[in-house]
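I have placed the structure first, in the form of structure tokens, so that the comments after it can refer back to it.
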């Protein structure tokens, strides 16, 4: 089985985020980037399939600052090939454009199963996998928490619903699955193993095609949340706090006197 996992770098939410001067994007110059946590889950699920069934795993990404280390980390974990698409800046920030560029690249990459992260912290719309499946003309299932082969040309995808309900869907290959969680915690690649991958393996690079120009969502303005009134802390013994709280509720008409 040929598995392809599209990945991307996203802002590290541990860091302080700033909006750029135009108010249309984050200040990318000040950002620390990391591989999307949901993409890490997709990579892990692909590697689990490789470990159990002998699949070949290819990681694919639009070029970006600090991308090389992330791709070598995927190779260190067990991926067989890593490809970066250069010159695809026009697709950045648009789920439809990104999917269009990925779909055109996949025309020249063997693929039976495509695993994407279910969403990303810098867009959270969860649409890349859906648009990618549409562009390729293949089935799509999202919010997946486990994949297993089902014969030679199908897989069983476990899809999560509200209330902890899980469905098992048999999906014909080729297909695109949006992974929410792998069956186990993503494996760790020690720095020494990543450095070894940098010495012994290579990244493939190919030019990104022009993205589809069809309409998509457009950011008109970004702003930080407005600060509201701060909470009032009631201090004192439990009885005193209870009396103060009751007085406030009466004052606001929430409790009848």
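The values are calculated or read from the model by the stated rules, or taken from the named source; none is laboratory data. In this text, all values refer to a predicted model and were calculated from it rather than measured experimentally. Every residue, glycine as well, gets a Cβ built from its backbone with ideal geometry; the counts of neighbours run over all protein chains shown.
Filtered by the rule that a residue be surrounded by fewer than 19 Cβ atoms within 10 Å (Cβ to Cβ) and outside any loop (DSSP other than H, G, I, E, B), segment 34-60 gives 34, 37, 50, 51, 52, 53, 56. Among the residues making up segment 2-21, those that are in contact (Cβ under 8 Å) with a residue 40 or more places away in the chain and either buried (at least 19 other Cβ atoms within 10 Å of the Cβ) or within 16 Å of the chain's Cα centre (by Cα) (or both) are 3, 4, 5, 6, 7, 8, 9, 10, 11, 13.
A single entry from 133, 157 fulfils the requirement of being under 20 Å from residue 186 (Cβ atoms), modelled with pLDDT of 95 or more and crowded, with 20+ Cβ neighbours inside 10 Å: 157. Within segment 162-202, if we keep just the residues that are more than 21 Å from the chain's Cα centre (by Cα) and in a loop (DSSP other than H, G, I, E, B), the residue that is farthest from residue 108 (Cα to Cα) turns out to be 165.
Tallying residues that are assigned to a loop (DSSP other than H, G, I, E, B) and either under 24 Å from residue 33 (Cα atoms) or touching a residue at least 60 places away in the same chain (Cβ under 8 Å) (or both) within segment 109-145 yields 14. Of the residues making up segment 100-127, those that are touching a helix residue (DSSP H, G or I) at 6+ places or on another chain (Cβ under 9 Å), closer than 16 Å to residue 208 by Cα and surrounded by 19 or more Cβ atoms within 10 Å (Cβ to Cβ) are 100, 101, 102, 103, 106.
For residues in segment 77-98 being assigned to a helix (DSSP H, G or I) and touching a residue at least 40 places away in the same chain (Cβ under 8 Å), which is surrounded by the fewest Cβ atoms within 10 Å (Cβ to Cβ)?
Residues of segment 77-98 that are assigned to a helix (DSSP H, G or I), as a first pass: 77, 89-91, 95-98.
Within this subset, residues satisfying the condition of being touching a residue at least 40 places away in the same chain (Cβ under 8 Å) are 77, 90-91, 95-98.
Numbers: 77: 21, 90: 14, 91: 22, 95: 21, 96: 21, 97: 22, 98: 26.
Among those that are assigned to a helix (DSSP H, G or I) and touching a residue at least 40 places away in the same chain (Cβ under 8 Å), it is 90.
The residues of segment 61-76 that are touching a helix residue (DSSP H, G or I) at 6+ places or on another chain (Cβ under 8 Å), crowded, with 21+ Cβ neighbours inside 10 Å and closer than 17 Å to residue 199 by Cβ, listed by number, are 72, 73, 74, 75, 76.
Candidates 247, 229, 242: the one that is free of Cβ contacts under 8 Å to residues at least 40 places away in the same chain, more than 23 Å from the chain's Cα centre (by Cα), part of a loop (DSSP other than H, G, I, E, B) and at negative phi is 229.
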